[in-house]
Amino acid sequence: MRTQVGIIGAGPAGLLLSHLLHLRGISSVVLERRSREYVERRVRAGVLEQGTVDTLVAAGVGERLLREGLPHRGIELRYGGAGHRIAFERLVPGRAITVYGQQEVVKDLIAARLAADGDVRFEVDDVAVHDIGTDRPYVTFGGGERLDCDVIAGCDGFHGVTRPSIPDGVLTAYEREYPFAWLGVLARVEPSAEELIYARTERGFALHSMRSPEVSRFYLQVPAGTDLADWPDERVWAELRTRLETVPGFSLATGEIFERGVTPLRSFVAEPMQYGRLYLAGDAAHIVPPTGAKGLNLAVADVRVLTGALARFYADGSTELLDGYSAACLKRVWRAQHFSWWMTTLLHTFDSDDAYGRRLQLSHLDYVTSSEAAAATLAENYVGLPYEDGDPAGP
Ligand code: FAD
Ligand code: DHB
């Protein structure tokens, strides 16, 4: 079997790349380990930056997103018995975020690929990449099948096979682990607030988000290694109430919890994001703690850059943009790394923090919520910085 671009992984990065390449007349095959049902049901991120929305709309996969997504023009930071609104419309005029579940983006992309007769294969075992240091790389999978390609895109997430296939000594890994995780739940209950609430309390961080007028999404900071079995529904609701019902007049509506999971928090970057004819995109190359809501948005930014570079390669044979792929992505990656680390340290409780550290954290929060300049810094990063290519509509 032969294709131009072999794509490993049908998460947001792999699917969007396949779709954007198709729009440029470039063929690809997507190989995914899990079933279609599994990837369409995997609950993860929910916040899309303006640029992500613009990219999906320009690519023709934004119809349901525009209809069902919830545009938000601010978020609340809640601590010390008061809520403070970060008002995007004032701080970063014309820019907003849209709340729309990652698995809905994945469903829309799979539907678009299949409607265009795209080759997306699910439940593919034993994927391995070969000869990536040459200009004739290939992929083997499923007990004897072989896919020859010009280029391989490693879109297989943090635990994938492509990054570890790069020879020792090529990559430098930068990493930070956090001593806590997020327990996330989806509940059938109307959101108790119109906008997202990022709450810092002495007992830890909590986040009130949503998916629709009928479904709310919540996260709780819990110790690393937390077992879901220790968190029956009553305990989840009691802890959410304690951490969120901290301002006068706010009460949390509760309902049936129908999805739950624990996500460890980690910061990670592998540099460079490429080796030979293998290009890493999204979580395969970098991970951020979810506090800044950047993971999915970074994956989209990477594949925009990769699409532009591949389009040039197929147009005139030039590898100039492909050679500069990693450098072109890493500037944005590191900005998101800093922002995500910063939001995490601003809002979580660290057991290692002494009383002095906690006072510094509160002073920092007071500054962010009282200074226009500091609030604008948060807002500008949260809604997402403009793309380097300057084209809001996509590559
Ligand atoms: P992924 O979505 O991980 O997709 C990679 C795909 O590759 C998967 O479908 C996987 O099955 C497949 N794959 C892996 N190995 C192989 C293999 N060997 N062969 C074939 N296929 C393979 N971000 C936020 O902003 N907010 C959140 O609340 C949030 N929650 C998260 C919860 C979890 C549990 C995780 C893991 C991530 C979360 N993120 C969150 C981050 C965000 O979801 C990711 O940044 C985003 O999914 C990145 O997309 P991706 O396509 O690069 O990787
Ligand atoms: C959601 C996830 C995040 O990581 C975040 O910062 C905000 C919202 C969500 O899943 O809704």
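Could you size up the charge dipole of the stretch 237-395 around its Cα centre, putting +1 on the beta carbon of Lys and Arg and -1 on that of Asp and Glu, and report it in debye to the nearest 20?
160 debye
Using θ = phi - 60° and the Karplus form 6.51 cos²θ - 1.76 cosθ + 1.60, what ³J(HN,Hα) does each residue of the stretch 135-152 get, whole Hz, x for Gly and Pro?
Values per residue, Gly and Pro as x: 8, 10, x, 8, 10, 10, 6, x, x, x, 7, 9, 10, 8, 8, 7, 9, 10 Hz.
Please give the helix 295-316 orientation as an angle from the longest Cα principal axis of the chain, in degrees from 0 to 90, rounded to the nearest 10.
20 degrees
Got a number for carbon plus sulfur as a percent of the chain's accessible area, 1.4 Å probe?
Using a 1.4 Å probe with all protein chains present, the chain comes out at 49 percent carbon and sulfur.
In percent, what relative contact order does the chain have, based on Cα pairs under 8 Å that are 6 or more apart in sequence? All intermediate terms of the calculation are to be shown ahead of the outcome.
Details: 784 pairs, mean separation 83.4, N = 395.
It rounds to 21 percent for the chain.
Sort the stretch 22-78 into rounded, prolate or oblate with this rule: let a ≥ b ≥ c be the square roots of the eigenvalues of the Cα gyration tensor; rounded if a/c is under 1.5, and if a/c is not under 1.5, prolate when a/b is larger than b/c, oblate otherwise.
Oblate is the answer for the stretch 22-78, as a/c is 1.5 or above yet b/c matches or exceeds a/b.
So how do 133-143, 319-329 stack up, highest first, on mean other-Cβ count within 10 Å?
319-329, 133-143
What list of ³J(HN,Hα) values in whole Hz, one per residue of the stretch 232-246 in order, does the Karplus curve 6.51 cos²θ - 1.76 cosθ + 1.60 (θ = phi - 60°) give from phi, with Gly and Pro shown as x?
Karplus-based 3J(HN,Hα) across the stretch 232-246 equals x, 3, 4, 5, 4, 5, 4, 6, 4, 4, 4, 8, 9, 7, 10 Hz.
Given the peptides 36-44, 4-12, arrange them by the average over their residues of other C-beta atoms within 10 Å, most packed first.
The densest-packed peptide leads the list: 4-12, 36-44.
With everything on Cα atoms, drop me the angle between helix 325-347 and the longest principal axis of the chain, reported from 0 to 90° to the nearest 10.
Value to nearest ten degrees: 20.
With contacts defined as alpha carbon pairs under 8 Å and 6 or more residues apart, what's the relative contact order of the stretch 1-127 in percent?
35 percent
Work out the length of the dipole vector of the chain about its Cα centre, built from +1 on the beta-carbon of each Lys and Arg and -1 on the beta-carbon of each Asp and Glu, and round it to the nearest 20 debye.
Working: 41 positive and 53 negative charges, 89 e Å.
Roughly 420 debye for the chain.
If you average the alpha carbon positions of the stretch 68-134 and of the stretch 156-221, how far apart do those two centres end up, in angstrom?
Each part's Cα centre sits 13 Å from the other's.
Net charge near P191, counting Lys/Arg +1 and Asp/Glu -1 over other residues with Cβ under 13 Å of its Cβ? Walk me through the intermediate numbers first.
Values: positive: R188, R211, R217; negative: E76, E190, E194, E195, E214.
Combined, the nearby Lys, Arg, Asp and Glu give -2.
The values are calculated or read from the model by the stated rules, or taken from the named source; none is laboratory data. In this text, all values refer to a predicted model and were calculated from it rather than measured experimentally. Cβ coordinates were reconstructed from backbone atoms using ideal geometry, including for glycine residues, and neighbour counts include every protein chain displayed. The protein model used for the area step is the full one, side chains on, heavy atoms only, and it has no ligands, DNA or RNA in it. Shrake-Rupley method; radii C 1.70, N 1.55, O 1.52, S 1.80 Å.
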